Structures are given as C-alpha cells and as structure tokens.
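The values are calculated or read from the model by the stated rules, or taken from the named source; none is laboratory data. Keep in mind that this is a model prediction, so the values were computed, not measured. Using ideal geometry, Cβ is built from the backbone for each residue, glycine included, and neighbour counts are taken over all protein chains shown. Heavy atoms of the whole protein, side chains included, go into the accessibility calculation; ligands, DNA and RNA do not. Shrake-Rupley method; radii C 1.70, N 1.55, O 1.52, S 1.80 Å.
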Amino acid sequence: MIAPVMLTAPEFSDYELIDCGFGEKLERYGQYLIVRPEGQALFQPSLETEAWQSADAVFAGVGEDDDKGRWRFQNKLKTAALEDAWPIRFRDVRFHARFTAFRHMGFFAEQAAHWDWISDQIRLAGRPIKVLNLFGYTGVASLVAAAAGASVTHVDASKKAIGWARENQTLSGLGDAPIRWICDDAAKFVAREARRDNAYDAIIMDPPKYGRGPKGEVWHYFDDLPEFMHLTRSILSRTPLFFLLSSYAIRASYLASHELARDVFAGLGGKIESGELLINQTKSDRSISTSLYTRWHNGKVQNG
C-alpha cells in the first residue's frame, strides 16, 4: 500500500483560511474577506455567524459548477466590479487577485506547498533548468520558477489567462525573466515539441477535469491524461529534474495518478510522491483538503 504524502501550504501574509463549514469557506485575500463554496467542508464552522457576516464578498454557487453562481458584494466592496484587482505577495513573487465570473480568485493558495518545492528544486539543481508549465493559468508557478533562475515556457488555452499572467510578471518585477507565454492547446503543443526534439528538465501541469483549447479542442481528464502523460515523458531532457501534476475537481484517488506515474516514469529512478494538498485553518485545529497531486523528482534535491 502506498501511503499518501499530505502537503500543507505554508502560511503567507496575504492569504488566510479563516474558517470552513457547511459547504463554504471564509478566506482572507489581502485586505478582503471572502466566502466561497467548498464541497469538502462537511463539518460545522468553528466561528460564530457574525464572523462570516463580516465578509466583503460572497460567491453563491450551485453544485460543483464554477459557472453557475454569482458574486454578492458588501461592506467595502458594494460598488466593486468583477475586474477589480489587488496585489498578493508570496515570497519574491507578486500577482493579482481578482473577482472572476467563476468562484476562483486567480490563484490557488494550497499550491504554495508546491511553489516552495519548485523553487528549492531549481535553486539547488546547480545547473540551468528549462521548465514547461502546462495549463498554466495566471502564471504564479511560472513566476516562482523564473524567480528561482529557470527559463520557463508557459502554455495555456486562454488568451485572458495569458494576459493576466503577463500582468503578474510585470507586477513581480520579472519583466526581463526568460519566460515564453504561449496561448495553445497543451496536447498539441507537447506533440509539436516532441516532433521538434525539444526537451525540458521539469514539467508542471494542472489539467482541468474538462476543458477546451483555443480552437475547440476537447480535453477529458480520465480519457486523455494517460496518453498525455506518456507524451510529456518523451519531452523530458536526458537529465530530468522533476514532474508535477495537480488534479482538481475530479472524483478519484491519489493512487490513480500515482500508479499512472509509475508507468510513465519507469526506468528513470528517482522518487514518486502522491497525496493531497491541505490548508490549515487559522482559527481552529482543522485542515481542509483541496486537491490531489503526484510528483516525480530525480532524488538529488531533498529540500521541500
């Protein structure tokens, strides 16, 4: 039996999970308190109702669909627009939080556990590292990798997300960092790189449960992930550093991606770890699990 490795996000000043319960979570993003749906919060909240009522924004969602719901602003944000943004800092990287038409804020705080690990792997490698970030969204992992000294290729199917990522690059003061921002279907991009014999030392991917590429390409996690991971193996360099997969909004076990990774990385040596990403609540002793992950690394960098 492979035991899961549970990773808890480190604390950082611009984000706080204050409380969870009854299918919702109360969070602080910089100066604002926000309530959003959380399907993992099956338990009772730790705080009284008054603490939740002090929120500046509430997303009223429906089921598991991010596109079924709306924001309700109150207190300081009564006149806020969906495009309002404010800066968030994590270590040496800055990026914008923003109220989107979905319930997400432009980054996933639980990924901070991976951000520190990515930075450690790159800084301690002792050589130039090429990173490929697939389904890269607004680019926080790309910026973390670049700040650690890597050259980065960032791929996402959304022009809007790429624009937001470039905005975050400027905000972080990394305008001269070697980052390529590419709007493309991830599978098509990787297939082209394989044909061109282009290789990367590290690959990060955060695929959705379901998605569409810029030309209508369809992605289904369970149907497409196995072949896609084998394809990404083909573009790892001869001296690979790491591979990192995050999985959101799916009904699966960490064992599913772990066993797949054993197939994909057979013969490479190194180490495979799988488990869940956690965030600790600051007002109680509870934690909440937000996603699954699997990561392979060559075993030479132990930090993180």
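So, with a 1.4 angstrom probe, what is the percent of accessible area on region 240-283 that is carbon and sulfur?
On the way: 850 of 1780 Å².
With neighbouring chains kept in place, the figure for region 240-283 is 48 percent.
For the residues T100, T8, T294, a 1.4 Å probe over the protein chains yields an accessible-area ranking, largest first, of T8, T100, T294. As I understand it, the value is the acute angle between the Cα axis of helix 112-123 and the longest principal axis of the Cα atoms of the chain; what does it come to in degrees, rounded to 10? Orientation of helix 112-123: about 30 degrees from the principal axis.
Near E16: Cβ cut-off under 12 Å, other residues only, Lys/Arg at +1 and Asp/Glu at -1. The net charge is -1.
Work out, step by step, the length gained on full extension between T282 and S54: first 0.36 nm times the residue separation, then minus their alpha carbon distance; give nm to one decimal. Write down the numbers at each step before the final one.
Working: separation 228, 0.36 × 228 = 82.08 nm, distance 1.65 nm.
Separation in residues times 0.36 nm, less the Cα-Cα distance, equals 80.4 nm.
Using only the alpha-carbon atoms, how far is helix 159-171 inclined from the longest principal axis of the chain? Give it as 0 to 90 degrees, nearest 10. Helix 159-171 and the main axis of the chain meet at about 90 degrees.
Which percent of the accessible area of region 65-196 is formed by carbon and sulfur heavy atoms (probe 1.4 angstrom)? Write out the running numbers ahead of the final one.
On the way: 2850 of 5770 Å².
For region 65-196, the apolar C and S fraction of the accessible surface comes to 49 percent.
Probing with 1.4 Å while keeping every protein chain in the model, the per residue accessible area of region 187-304 equals 48 Å². Of the beta bridges in the chain, as assigned by DSSP with both residues counted there, near 65 percent are antiparallel.
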